[in-house]
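**Student:** Got a structure here, written out as structure tokens. Questions coming.
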Amino acid sequence: MKIKRSERLIDITRYMLERPHTLVPLTYFANRYDSAKSSISEDLSIVKKTFRERGTGTLETVPGAAGGVRYIPEIAKDEAEEFAKEMCERLSESDRLLPGGYVYLSDLLGQPSVLRQVGKIIATKYLEQPIDAVMTVATKGVPIAQAVSTYLNVPFVIVRRDSKITEGSTVSVNYVSGSSDRVEKMELSKRSLKRGSRVLIVDDFMKGGGTVNGMKSLIEEFEAELVGITVFAESTFSGNRMVDDYTSLLCVDEVNIREKTIHVQPGNYFTK
């Protein structure tokens, strides 16, 4: 049974938003709504125009018999900058200061609205690069990795500091913590990552860069390729940071433990 155009537009929009980076043939929509391909093409043009004007992303058309349309999520620059500004204000609250100069993030990274924006901002940076998996380390980086992988429509893998029997056999590496100079270990299940995969590393917070550097070593052990590194927040570090090629959404550039003050500014994501 045919349905009204307004209903088709709503359903097409929902369907595409739920399936980023997935090629959907026009024949699928034609059969779904019992409509001509020409009508579906007109509907998709309306959705594409609205997405573009509202900064929701792009509808990419692939011509040919095996073609179709796919939704590419992205966020407008001004919206991303406004979000970063809001996060800077919230992270500058004095009661977030933890021992060692760290900043409490768990409440923010537990909010779906924040994670959606973080995921979309990070995914937007890697639109032009093929990515097979998003990697993070347990536990606080997991919600970020899940948000990013949702918008990229790829799996995310979790590196652990202690192996679980449910993971099966693992590959492990030793790494030096950048902030404490301790030698620690991290592991990843052999089934988690295919050799030759293109991997994006994400994490919640970076200080000396030791944890991220450990994940880089794991990627090498799997004979995979590192695509990029993005963290939600970084702090200034007086020593030699173990990672230099990365982007951050926020930067904690000044912490006064005695006066319990924190100053946060947008990270290098907005300048690189």
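**Student:** Starting from the amide H of Glu234, placed 1.01 Å from N in the peptide plane, find each other amide H under 5 Å away whose residue is 5 or more places distant or on another chain.
**Tutor:** Met206, Leu250, Cys251, Val252
**Student:** Take each of the peptides 190-199, 146-155, average the number of other beta-carbon atoms within 10 Å over its residues, and list them starting from the highest. Can you show the working numbers first?
**Tutor:** Numbers: 190-199: 16.0, 146-155: 20.8.
Highest-to-lowest ranking by the protection proxy: 146-155, 190-199.
**Student:** Going by how many other Cβ atoms sit within 10 Å of their own, how do Phe222, Phe232 line up, fewest first? Don't skip to the end; give the middle numbers.
**Tutor:** Values: Phe222 20, Phe232 27.
Taking fewest neighbouring Cβ atoms as first place, the list is Phe222, Phe232.
**Student:** Classify the range 152-236 as rounded, prolate or oblate from the Cα gyration tensor: take a ≥ b ≥ c as the square roots of its eigenvalues, call it rounded if a/c is under 1.5, otherwise prolate when a/b beats b/c and oblate if not.
**Tutor:** Working: a/c = 1.82, a/b = 1.23, b/c = 1.48.
In terms of gyration-tensor shape, oblate.
**Student:** With an 8 Å cut-off on Cα pairs and a minimum separation of 6 or more residues, tell me the relative contact order of the chain in percent. Before the final figure, lay out each step's value.
**Tutor:** Details: 502 pairs, mean separation 39.4, N = 272.
In percent, rounded to a whole number, it is 14.
**Student:** So what are the radius of gyration and Dmax for the Cα set of the range 219-272, in Å?
**Tutor:** Over the range 219-272's Cα set, Rg and Dmax evaluate to 14.2, 47 Å.
**Student:** Same structure, new question: If you restrict to DSSP beta bridges whose two residues both lie in the chain, what percentage is antiparallel, to the nearest 5?
**Tutor:** Numbers: 22 of 43 bridges.
If I count the DSSP bridges inside the chain, around 50 percent turn out antiparallel.
**Student:** For the range 1-138, what relative contact order do you get, as a whole percent, if you take Cα pairs closer than 8 Å and at least 6 residues apart?
**Tutor:** Numbers: 117 pairs, mean separation 27.2, N = 138.
Relative contact order, the range 1-138: 20 percent.
**Student:** Turning to a different aspect of this structure: With a 10 Å radius around each residue's Cβ, average the other Cβ atoms per peptide and rank 251-257, 203-209, highest first.
**Tutor:** Values: 251-257: 16.4, 203-209: 22.7.
Output ranking for 251-257, 203-209: 203-209, 251-257.
**Student:** Related question: Kirkwood Rh, the chain, all Cα pairs: how many Å? Working shown, then result.
**Tutor:** Values: mean 1/r = 0.0490 Å⁻¹.
That comes to 20.4 Å for the chain.
**Student:** Using the crude model of +1 on Lys and Arg Cβ and -1 on Asp and Glu Cβ, and no other charge, please compute the dipole size for the range 138-272 relative to its Cα centre, in debye to 20. The partial results should precede the final answer.
**Tutor:** Numbers: 17 positive and 17 negative charges, 76 e Å.
Magnitude of the dipole: close to 360 debye.
**Student:** Classify the range 1-133 as rounded, prolate or oblate, taking a ≥ b ≥ c as the square roots of the eigenvalues of its Cα gyration tensor: rounded when a/c is under 1.5, otherwise prolate if a/b is larger than b/c and oblate if not.
**Tutor:** prolate
**Student:** Treating only the Cβ atoms of Lys and Arg (+1) and Asp and Glu (-1) as charged, compute the dipole magnitude of the chain about its Cα centre; round to the nearest 20 debye. Before the final figure, lay out the partial values.
**Tutor:** Details: 37 positive and 37 negative charges, 191 e Å.
Charge dipole, the chain, about its Cα centre: 920 debye, nearest 20.
**Student:** Quick one: order Tyr15, Tyr104, Tyr71, Tyr269 by neighbouring beta-carbon count within 10 Å, fewest to most.
**Tutor:** Working: Tyr15 15, Tyr104 12, Tyr71 25, Tyr269 21.
Going from least to most buried by this count: Tyr104, Tyr15, Tyr269, Tyr71.
**Student:** Which of the three applies to the range 103-206, rounded, prolate or oblate, going by the alpha-carbon gyration tensor with a ≥ b ≥ c and a/c under 1.5 meaning rounded? If you can, show how the numbers build up before the last one.
**Tutor:** Values: a/c = 1.79, a/b = 1.23, b/c = 1.46.
The shape class here is oblate.
**Student:** Then there's this: Which order results if Tyr33, Tyr102 are arranged by neighbouring Cβ count within 10 Å, fewest first?
**Tutor:** Final ranking by Cβ density, sparse to dense: Tyr102, Tyr33.
Read-outs: derived from the displayed coordinates by stated rules, not from any lab. Keep in mind it's a predicted model, so treat the numbers as computed, not measured. All Cβ positions, glycine included, derive from the backbone under ideal geometry; neighbour counts span all protein chains shown.
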